[in-house]
Structure formats: structure tokens, C-alpha cells
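Structure first, then comments.
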């Protein structure tokens, strides 16, 4: 009679170390670790994206409401609560007002002001 040979344990050494079993454990632990951290990254990224879009929208709406600024094409980009303003205005007062509006918007952490004052 021939003995049944388990293909998983075949080739294991006398200490019970099996390369296939070790590899399987490594893969399992890697997947487990990734599975535990992935939801935290996904939630943060999705939440940041929604918050950033809402911040940009609120600032753009406020700029349009402002009688001095509504005629200008001021670009607003937000990343992780940091607002980047760019575009052109006619004077320093308008540039300062755009920054004031952005900084006064909820959830804004900082404002990077690259608005240019047009030379006359």
C-alpha cells in the first residue's frame, strides 16, 4: 500500500517549517493589514474631496456676490482645506477682499494668494 502524501506538507523539513505554509501566512497577514487600513484611507480621501469641493464652491459663490469682485475671473482650488487663489484684479483692495472672503469661509485652513493686480 502506498501512503497518501499531502502536497502542502510534502517537502517540509523536520522542524515543521513549510515554505508554502509560510508564504500563505505572509499573504494572509498582508491582506489583513491592508484590509484594516484601507477604510481609513478611503474615508479620509473621500471626505477630504467632498470638503474641498464644498469649500471651493462656497468661496466662488461669495466672490460672485461681492460687487467689486464678481466681474473678475478668480480661480479657486482647494486641497485638504488649503485654498489657492489665482487670477487678475484691478487693484490691491480687490485682491485683499478675495483673500478675506476665502479666509472667512468655514473649514479653510490656509489661503495661498497668487492673484495678480493688473498694471494700468
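The values are calculated or read from the model by the stated rules, or taken from the named source; none is laboratory data. Because the structure is predicted, anything quoted here is derived from the model rather than measured. In this analysis, Cβ positions are derived from the backbone assuming ideal geometry, glycine residues included, and neighbour counts consider all displayed protein chains.
At-a-glance table
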| read-out | value |
| --- | --- |
| Residue within segment 33-55 that is at pLDDT below 95 and touching a helix residue (DSSP H, G or I) at 6+ places or on another chain (Cβ under 8 Å) present | no |
| Among residues of segment 96-120, those that are closer than 16 Å to residue 74 by Cα and outside any loop (DSSP other than H, G, I, E, B), counted | 15 |
| Pairs with Cβ under 9 Å, 6+ apart, first in segment 89-107 and under 12 Å from residue 56 (Cα atoms), second part of a loop (DSSP other than H, G, I, E, B) | 101/66; 101/69; 102/108; 107/81 |
| Whichever residue in segment 69-78 is in a strand (DSSP E or B) and touching a helix residue (DSSP H, G or I) at 6+ places or on another chain (Cβ under 6 Å) and, among such residues, is surrounded by the fewest Cβ atoms within 10 Å (Cβ to Cβ) | 76 |
| Segment 79-95: number of residues that are in a strand (DSSP E or B) and farther than 20 Å from residue 64 by Cβ | 2 |
| Those residues of segment 48-68 which are surrounded by fewer than 16 Cβ atoms within 10 Å (Cβ to Cβ) and within 19 Å of the chain's Cα centre (by Cα), in sequence order | 48, 49, 50, 51, 53, 54, 57 |
| Candidate set: segment 91-119, residues that are in contact with a strand residue (DSSP E or B) (Cβ under 7 Å, 6 or more places away or on another chain) and farther than 26 Å from residue 50 by Cα; chosen: the one surrounded by the most Cβ atoms within 10 Å (Cβ to Cβ) | 95 |
